[in-house]
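A short write-up of the structure that comes next.
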Amino acid sequence: MVETCELRSRFAATLAFMYGREVPAYTTLTEVTQDVNRRHADRYPDIAERLGSLERVGAERHCAVRLGSLDELREVAVVFAGLGMSAVGYYDLRQTDSPIPVVSTAFRPVDPEELERNPFRVFTSVLTVGDSRFFDNDLRRRVATYVARRRLFSPDLLRWARRASADGGLPESEAGLFVDAATDVFRLGTEPIDAAWYRELAAVSPVAADIAGQASTHVNHLTPRVLDIDELYRRMTDRGVTMIDRIQGPPKRTGTPLLLRQTSFRALNEARRFRHADGTITREHVRVRFGEVESRGIALTRAGRDIYDRLIGEPDSARWEEAFPHTEQGLDEAGLAYFTYRRDGERTVRMPIVYEDFLPASAAGIFASNLDAVPGFVPAAPGAQYGQDQLEGAIERPVHDPFELYRAQQDSSLARLNRACHDERPLP
Ligand code: OOG
Ligand code: NI
């Protein structure tokens, strides 16, 4: 039996292998990342592993995929469940400074032990085709019909996935087939793209064209985790790679890193084949896939997150320095971040809980940074309901609240600690 966590590791590895062949710049990025991580660990051996072992960080990736409908979301949820990944967090990227016609969740392991084994996560977006601020009625109908006709997930793939989640794994004979079929879903299509259709959608939003302008979906980006993102940014720039103009998320600061910082570079143009009305096929370049890198910090409580939300619009790093204590102890005492605790002899050891999720402002920034055109967004038109409950209805499973997962982890470590203290007390 190949357990789900092993299936997930294999899936992450085959997907990365495929993506590295499709987008060679990704391989450069992972090489630089590994080098930066090695140097950082040599330089700061005491703190390098506070937010995850070097082994975990070295293997850690997230990937982003985009789907065309809630039906496609339901099927991808089945596939990810077979890999031990559940939906966590709800992100409405229409509700940002640069509105994107998608709502998103992230599929990832939720159990701390599973995260330690392999924390692979997939940021998964769904096109909000019913939102009339982006799509008029006629276009909405045509997009829905187009998407409903394509089949991203084969019956075999869904059957293997259901079996893996029911049994906690698959026999070796099926494991390879399942992982390969799951990887294939996200392979870049080679069929010619209908040029007029793609253009019509791109006029609404390049993201809409990327999602619904072609018969298949694909990995949009695959992101390694780096321990020093400022250094990585410099190194990539020195190599002549044009990065987006900033690192998304909290500014660089002294002390415990907070939440998540991300940056990306624009993908080189990718040649795709387009079919025109007169039947001719041309090769044209599209820029939709890019490279991204992230550094992860401590998970903030709601109180901490409120401060983050207030400050995120402000680039002034002095405000951040003042607002958040620099030490883990200070963050804990102020109730701003999550920790686990355990007993080590007479001492209680406090360990930070890593932020495993995403940030709407950063995600919108990552989307927007790679768009050439401003979308045809009509703010006055009525929107459409694509709330968390709609996503939950589609996948027939809860979308976990990240804060609750972190709090539960903290609480259970406290409960264990209290039990341990209690057991040590001599009986009366
Ligand atoms: C997803 C963008 C969000 C992140 O790291 O915040 C994301 C996308 O471009 O499809 O991946
Ligand atoms: Ni990303």
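The values are calculated or read from the model by the stated rules, or taken from the named source; none is laboratory data. Keep in mind that this is a model prediction, so the values were computed, not measured. Using ideal geometry, Cβ is built from the backbone for each residue, glycine included, and neighbour counts are taken over all protein chains shown. Surface accessibility is based on the protein's heavy atoms, side chains included, excluding ligands, DNA and RNA. Shrake-Rupley method; radii C 1.70, N 1.55, O 1.52, S 1.80 Å.
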Problem - Electrostatic dipole magnitude of the chain [Cβ: Lys, Arg +1; Asp, Glu -1; Cα centre; debye, to 20] - result: 660
Handout entry: Accessible surface, per residue, of segment 14-124 when the full set of protein chains is kept, probe 1.4 Å, Å²
Key = 38
Practice task
Can you tell me the alpha carbon radius of gyration of segment 251-327 divided by the globular rule-of-thumb value 2.2 N^0.38 Å?
Solution key: 1.82
Fill in the blank from the handout: Per-residue accessible area, 1.4 Å probe, largest first, puts ASP316, ASP92 in the order ASP316, ASP92
Handout entry: Cα coordinate range in segment 105-179, projected on the principal axes (Å, largest first)
Key = 47, 29, 17
Completion exercise
Answer check: the chain, Cα atoms, Kirkwood Rh, Rg/Rh ratio of 0.98
Practice task
Within the set of other residues whose C-beta is less than 10 Å from the C-beta of THR263, count the net charge using Lys and Arg as +1 and Asp and Glu as -1.
Solution key: -2
Exercise for the section: With everything on Cα atoms, drop me the angle between helix 402-424 and the longest principal axis of the chain, reported from 0 to 90° to the nearest 10. Expected result: 20
Practice task
With an 8 Å cut-off on Cα pairs and a minimum separation of 6 or more residues, tell me the relative contact order of segment 161-245 in percent.
Solution key: 22
Fill in the blank from the handout: Note, ALA212: beta-carbon cut-off 12 Å, +1 each Lys/Arg, -1 each Asp/Glu, net +1
Practice task
Can you tell me the 0 to 90 degree angle between the C-alpha axis of helix 360-369 and the longest principal axis of the chain, rounded to 10?
Solution key: 40
Exercise for the section: Taking every pair of Cα atoms in segment 136-288, average 1/r, invert it to obtain the Kirkwood radius, and report Rg/Rh to two decimals. Expected result: 1.06
Handout entry: Isotropic mean projected area of the C-alpha convex hull, segment 53-197 (nm²)
Key = 11.0
Completion exercise
In whole Å, largest first, the alpha carbons of segment 316-371 cover along the principal axes 55, 25, 13
Fill in the blank from the handout: Magnitude of the Cβ-charge dipole (Lys and Arg +1, Asp and Glu -1) of segment 237-310 about the Cα centre, nearest 20 debye, reported as 120
Practice task
Run the numbers on the chain and let me know its relative contact order in percent, using alpha-carbon pairs under 8 Å that are six or more apart.
Solution key: 21
Problem - Folded to 0 to 90 degrees: helix 24-43 orientation relative to the chain principal axis, Cα - result: 10
